[in-house]
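Before any comments, here is the structure.
The values are calculated or read from the model by the stated rules, or taken from the named source; none is laboratory data. Note that the structure is predicted; figures quoted are calculated from it, not measured. FYI the Cβ positions are ideal-geometry reconstructions off the backbone, even for glycines, and counts take in every protein chain you see.
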């Protein structure tokens, strides 16, 4: 998977390492130098910072000491608890941290062969749709020979300080780590998608049913290799890092390092009792200041759990920043939960497999309205449809769709300083089953995300079978930015951008003609259908126009089917009628139930119709049972629909 990781800034780890071995020198990274430029956006903040290599900080340095653990990490003198919390979560998954720290055994210090050490390291991060390989040297910022930023509780362990440096290089400088978002780091470590949950919207603490449903989802994410974080929102600057009476800290990200149901009771009785408790283990990146409520380290509640169960859970009585609490208390005290889903796209897995469509796009400003792609949200009706539009299909009834929209981060420019994210979001519309060109008027909106000035937004939604258009936008118009759109569906969704506003004019259109009218036919439902033998029908509807056909799915065992299907037709011969037929699905040969013909003339202002079904070849006959309800809209302006 990582053999194709793209070298960041075209620095190739193996080539640089071999060059250092050949020249017998320690690597010095020219793209992230050991000076203030790598520490701050601009200016000199401190005069006493010294960049030292691990061998100058301690004796016998190592990448890892006694393996990797969430207890290794301690936050330094920058507000990056979000990053440290994400690293704490990462340590719980061997398969994930070994992707972020590739060939870690080769990167480890070898005391038996010190001549092989070249002072170069590399790490992999998922960056805007692709894995990249970030190379760094081992020079770390210190004050009085102590690491300034993230450090281990063991002085000669350096993996956390080195991965932090690589991430700081990716974001531009160490100062860019101040005040970030845990969700962003979790995505960058996994290539997954982050799903934020606002615990204040629903009354999870007091609604047992809702809380149990949420816990099962959290447990499922954790058991399938996902990463999770929690935090308490700080409403004011004075609230930031304010400690509550219960020991928790506001405006602070906590890593969730375990999720499980525990049995209450001792001995054999605990295996036969039905009483279990939903529990969460969290870790404060500070490595101290723990929860002091029920089920805290010294709480008497632990007497309800057998010693063997406590050992299995890793319960310790020391102020190391890690603690257990019930899921109910988590919902009561915390305001936000972030689940990072490592979406399974492998066909070899026993778990559900998703199909991913990944598209890079851009909100790009242009003075020409037909070429402008910075239209803003639906509040700006005149420009909304100028945004990029992407079509995708849901091919299973009630198909679940995961949508993840990410803007290209603006935190990576040291010269410009720290830039704020744009407020972004998206809307989803159900459109005609044969839509090939861009949408120009509002159709049925079936879902939409919130708009937020975050790097990414996420939506999980269920949609009926059919064709949809998703329109990602900035909240305000005329705000250019690149973005990444990821859509996960049960089966391939044939997702692609709609580029053209109307059919292209080709040279042969002079001979065969060019569309002069666009018509939209919306079949809502039929009533009174009748199968002479079975009674109830298994019907479907077909819309035909100038050789193009749109067909609905089969609606089984009903005489009042709700088809809810649209077709759009660019008509070269508007004098020819549009034909709508209803058929009954049979084993050997489908049975014709009736049809109607539509003119669809642009001057026809009547758009809604309830029409009796007619027999073939007899435009005046109403003797077939049933009616069909439909809407027709036509226009001589091809960009009207």
When residues of the range 292-320 are filtered for being within 22 Å of residue 218 (Cα to Cα) and out of contact with any helix residue (DSSP H, G or I) (no Cβ under 8 Å at 6 or more places or on another chain), how many remain? 4
Every residue in the range 468-485 that is under 30 Å from residue 552 (Cα atoms) and crowded, with 21+ Cβ neighbours inside 10 Å, please. 468, 470, 471, 472, 485
What number of residues within the range 277-318 are exposed (fewer than 14 other Cβ atoms within 10 Å of the Cβ) and closer than 17 Å to residue 249 by Cα? 1
Say we look at the range 1-23 and pick out the residues that are at pLDDT 95 or above and assigned to a loop (DSSP other than H, G, I, E, B); which of these is nearest to residue 110 (Cα to Cα)? 12
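Quick grid of which residues meet (1) within 19 Å of residue 294 (Cα to Cα); (2) touching a helix residue (DSSP H, G or I) at 6+ places or on another chain (Cβ under 6 Å); (3) loosely packed, with under 13 Cβ neighbours inside 10 Å:
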residue	(1), (2), (3)
195	no, no, no
204	yes, yes, no
238	no, no, yes
245	yes, no, yes
258	yes, no, no
Filter pass, residue 480 being more than 19 Å from the chain's Cα centre (by Cα), touching a residue at least 60 places away in the same chain (Cβ under 8 Å) and closer than 30 Å to residue 175 by Cα: yes
Among (1) touching a helix residue (DSSP H, G or I) at 6+ places or on another chain (Cβ under 8 Å); (2) closer than 19 Å to residue 81 by Cβ; (3) surrounded by fewer than 14 Cβ atoms within 10 Å (Cβ to Cβ), residue 231 falls short only on (3)
Confirm whether residue 170 is under 17 Å from residue 36 (Cα atoms), in the same structural domain as residue 91 (by TED's automatic domain parsing), touching a strand residue (DSSP E or B) at 6+ places or on another chain (Cβ under 6 Å) and buried (at least 16 other Cβ atoms within 10 Å of the Cβ). yes
Somewhere in the range 486-494, is a residue without any contact (Cβ under 8 Å) to a residue 60 or more places away in the chain, in contact with a strand residue (DSSP E or B) (Cβ under 7 Å, 6 or more places away or on another chain) and part of a loop (DSSP other than H, G, I, E, B)? no
Set 541, 499: member being closer than 29 Å to residue 359 by Cα and at pLDDT 95 or above: 499
Any hit, the range 625-637, residues being over 45 Å from the mean Cα position of the chain (by Cα), assigned to a loop (DSSP other than H, G, I, E, B) and modelled with pLDDT under 85: no
Among the residues of the range 443-472, count how many are over 19 Å from residue 433 (Cβ atoms), part of a loop (DSSP other than H, G, I, E, B) and out of contact with any helix residue (DSSP H, G or I) (no Cβ under 9 Å at 6 or more places or on another chain). 4
Take residue 428 and tell me if it is closer than 30 Å to residue 179 by Cβ, out of contact with any helix residue (DSSP H, G or I) (no Cβ under 9 Å at 6 or more places or on another chain) and either assigned to a strand (DSSP E or B) or at pLDDT 95 or above (or both). no
It is to be established whether one or more residues within the range 81-92 are within 37 Å of the chain's Cα centre (by Cα), modelled with pLDDT of 90 or more, under 22 Å from residue 229 (Cα atoms) and surrounded by fewer than 16 Cβ atoms within 10 Å (Cβ to Cβ). no
Would you confirm whether any residue within the range 137-158 is within 12 Å of residue 83 (Cα to Cα) and either under 23 Å from the mean Cα position of the chain (by Cα) or modelled with pLDDT under 95 (or both)? yes
